[in-house]
1. Applying the Karplus parametrisation 6.51 cos²θ - 1.76 cosθ + 1.60 with θ = phi - 60° to the phi angles of region 336-345, what ³J(HN,Hα) value in whole Hz is obtained for each residue in order, glycine and proline being reported as x?
2. For the chain, with only Lys/Arg (+1) and Asp/Glu (-1) charged at the beta-carbon, what is the dipole magnitude about the Cα centre, in debye rounded to 20?
3. Of GLY143, PRO109, ALA157, which is farthest along the charge dipole of region 90-249 in the positive direction, counting Lys and Arg as +1 and Asp and Glu as -1 at C-beta?
4. So if each residue of separation counts as 0.36 nm, and I subtract the Cα-Cα distance between TYR184 and ALA228, what length gain in nm does that give?
5. Give me Rg over Rh for region 52-119, both radii from the alpha carbons and Rh done the Kirkwood way, two decimal places.
6. With a bin width of 5 angstrom, please list the P(r) values of region 60-219 as percents of all Cα-Cα pairs, from the 0 bin to the one holding the largest distance.
7. Calculate, in nm to one decimal, what ARG260 and PHE148 gain on full extension: separation in residues at 0.36 nm each, minus their alpha carbon distance.
8. As a test of the formula, what do you get for the chain when each DSSP H run with n ≥ 4 contributes -39,500 (n - 2.57) and the sum is divided by the residue count, at 222 nm and rounded to the nearest 500 deg cm²/dmol?
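The values are calculated or read from the model by the stated rules, or taken from the named source; none is laboratory data. As the structure is a prediction and not an experimental result, all values here were calculated from the model. So basically every Cβ, Gly included, is an ideal-geometry build from the backbone, and we count neighbours across all protein chains shown. In case anyone asks, the SASA skips ligands and DNA or RNA and just uses the protein heavy atoms, side chains included. Shrake-Rupley method; radii C 1.70, N 1.55, O 1.52, S 1.80 Å.
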Amino acid sequence: MILLAVSVFAGAGTIHYQTPMLAAFAADFNADAAAVGWVATLTFSGFLAGTFFLVPLGDRYDKRTLILIELGVLIVALLVMASAPTLPALIAASLVVGLTSGFAQLVIPLTAELAPPEKRGRVMGTLLACLFLGILFGRLAGGLIAQFLGWRWTYVAAAAMLAALAPALLLWLPSMPARTQLGYARLIGSLFHYLRDNATLRRASTIQFLLGISYGGFWATVAPMMLALHGFGPAQTGFLAIPGAAGILISQPAGRWSDRRGAFPIVTAGVCLVLAAYVVLAFAPVAVAAVIVGAVLLDSGLRSAIVANQTLITAVAPEARSRFNTVFGAHIWGGNAVGAFLASTALAHWGWTAVCAIAVTASCVALALQWRTRGAQRSA
């Protein structure tokens, strides 16, 4: 379990190092916010594609083999980002990083298989706390290294950390038997069948997609926004990851509450926190404190909803946990990618108020969906 937790920690950071460095990319390549926003957009899009096309293979093949292959490609892609001579090269490498960093999404269903059913919420909460801690580390380390050594050294350090982890995974990562013998086409096709036929999976995934729009939009635009409005550099923006990592503290209690009370009240509270976050973030041009408080609310709301919904879906179909996690994860990161694109474009053309308006709209739709299906969720 320690090895699994460390693996999730290391994998989570790889798609978040760029968050505080977007302004540095713009300065280095003489690009605007919309252009460098493609680094965030394609990183999240790559993660989405990897989740959709590669993670389902965890039900068909040994998860250990898949994790080790993706890890090797990821290390190479990070080194390519470190040496990228142009912005298009950086963007292309970021897509590969997103594709292969999804190895952590194979660890989640593996952990669910190992956890006792009555403690699955707590175990998932602990694992996701490590994932959230990896996100915090990625943002903080990315800002600090970029500030003092240059952004390229961030990716060198990330590749070195994963290379150090690889021997331990090779020696100790447990093998898991295949859960199905479906061919690849039928395996991928089953994702759509599960999404169509399972109301629990469909509801949880849609809500996380909408919350992902709010979350991805914030972290794709906070660096250029803080530079333009408050003169913050990469290191200062990276420190915003600390208050923005409140989900680390909330994830384990959210898992315990889900075991005791079910997912509905936890998810509802999470959606409300995300909505409240953007009410506060609307005042970001006036005060830095609004960004800090908004980041705390945003992360707490998103993480509590993820823990509750993730615990819920892993209990639905034990023989298809990788595929359920694929559908769920694809919606999360699809929301992040859409949010990064919409928010980067909105910031470049209409300013921070437009970014907040997009997120508030998405959160209100999520809250309406959650409340409309409250009867079915409580019964489940």
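1. Each residue's phi maps through the Karplus curve to give 4, 5, 4, x, 4, 5, 5, 5, 4, 5 Hz.
2. So the magnitude is around 1020 debye.
3. PRO109
4. 11.1 nm
5. Checking Rg against Rh, the ratio lands at 1.12.
6. Whole-percent P(r) values from 0 Å outward: 1, 7, 11, 16, 20, 17, 14, 8, 4, 1, 0.
7. 35.7 nm
8. That calculation yields -27500 deg cm²/dmol at 222 nm.
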